[in-house]
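This report concerns only the one structure given below.
Read-outs: derived from the displayed coordinates by stated rules, not from any lab. What you see is a predicted model; the values in this text were computed from it and never measured. We place every Cβ from the backbone using ideal geometry, glycine too, and count neighbours over all the protein chains shown.
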Amino acid sequence: MTTAASNTIAAEPYPLAFSPASTALLIIDMQRDFIEPGGFGAMLGNDVTLLRAAIAPLQALLAAARKKGLFILHTREGHRADLSDAPAAKLARGHGPTRIGDAGPMGRILIRGEAGHDIIPELYPLPGEPVIDKPGKGSFCQTDLELILKNRGIRTLIVCGVTTEVCVHTTVREANDRGFECLVPADCAASYFPEFHAMALRMIVAQGGIFGWVADSARVIAALEKMSI
């Protein structure tokens, strides 16, 4: 096994040392309801093309991670069909005409097993890549993610997905408090609000990396391609 110092990613606020054996790629909520035209995100009035911009960089990073044998996980936000795991405050928030559990163009909105809840075809998990179904924004809340990561000896997370300021940021904060080191490739995360995306990334690297590191997919891929295993 290599040591953490044997491989580095050029990142902000300083290079991140990592070991391939203890590094995982975590892809957050690249779901049809958030990303595809006509889904829940679009129904709320959002421009989904802003999220779709992350697909191509993420495809390249995912291919590189698979080629190098990194541990890869995916998450999906959603709920049981009876909504018993959805807090009333979450269901009521927004006061919109269409809410979680209601019928949408791709089935009931954010309900597990419905078409809209699933991951987009462009980034679909391969067999053996765990999919974490989470009821909230953070990937550690009421899931077995921490158990899976610790069982694999994971210490470093490359965190991608949507949206930057909500589920990605919440997951990075949760991971930081649990002792994981996190790097977010800026072009592999996205928001419906570009200003929120930019500020969320600035918050991660503030004060010498208070929550982690930020790079871009090209720098991460370059580090993966030349890493020692």
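Quick one: Debye curve from the C-alpha atoms of the stretch 8-142, no solvent, what's log10 I(q)/I(0) at q = 0.10, 0.17, 0.20 Å⁻¹?
Cα-only, vacuum Debye calculation for the stretch 8-142: -0.39, -0.97, -1.21.
For Tyr124 and Arg178 in one chain, what is 0.36 nm times their gap in residues minus the Cα-Cα distance, to one decimal in nm?
Extending this stretch completely gives an extra 16.7 nm.
Place a point 7 Å from the Cα of Ala81 along the Cα-to-Cβ direction; which residues of the stretch 92-112 have their backbone N under 11 Å from it?
112
For the chain, what proportion of DSSP beta bridges, expressed in % and rounded to the nearest 5, is antiparallel?
Restricted to the chain, the bridges split so that about 20 percent are antiparallel.
Label Met199 and Arg112 with points 7 Å out from Cα along Cα→Cβ: what is the distance between them in nm?
Going by the 7 Å Cα→Cβ label model, 3.4 nm.
Restricting to lysine pairs 8 or more places apart or on different chains, what number in the stretch 1-153 have Cα atoms under 28 Å apart?
Count of close lysine pairs: 8.
Ala60 label point, 7 Å along Cα→Cβ, cut-off 19 Å on backbone N: hits in the stretch 201-229?
The answer is 214-227.
In a Gaussian network model over the chain where Cα atoms closer than 10 Å are linked, find which of Pro185, Pro97, Pro20 has the largest mean-square fluctuation.
Between Pro185, Pro97, Pro20, it is Pro97 that shows the largest mean-square fluctuation.
Please report, in whole Å³, the volume per residue of the convex hull around the C-alpha atoms of the chain.
Value for the chain: 117 Å³ per residue.
Report the antiparallel proportion of the DSSP beta bridges in the stretch 41-177 as a percent, rounded to a multiple of 5.
Roughly 25 percent of the DSSP beta bridges within the stretch 41-177 come out antiparallel.
So if the hydrodynamic radius of the stretch 96-143 is defined as the Kirkwood radius over C-alpha pairs, what does Stokes-Einstein give as its diffusion coefficient at 20 °C and 1.002 mPa s, in µm² per second?
174
Determine the gain in length on full extension of the stretch Thr143-Ala88; use 0.36 nm per residue of separation and subtract their C-alpha separation, reporting nm with one decimal.
Additional length available on full extension: 17.8 nm.
Based on DSSP H runs of at least 4 residues, each adding -39500 (n - 2.57), what is the mean residue ellipticity at 222 nm of the chain after dividing by all its residues, to the nearest 500 deg cm²/dmol?
So the calculated ellipticity at 222 nm is -8500 deg cm²/dmol.
Which of the three applies to the stretch 163-229, rounded, prolate or oblate, going by the alpha-carbon gyration tensor with a ≥ b ≥ c and a/c under 1.5 meaning rounded?
Here the stretch 163-229 falls in the oblate category.
When a/c reaches 1.5 or more, the comparison of a/b and b/c decides; with that in mind, is the stretch 7-80 rounded, prolate or oblate per its Cα gyration tensor?
Verdict is prolate for the stretch 7-80.
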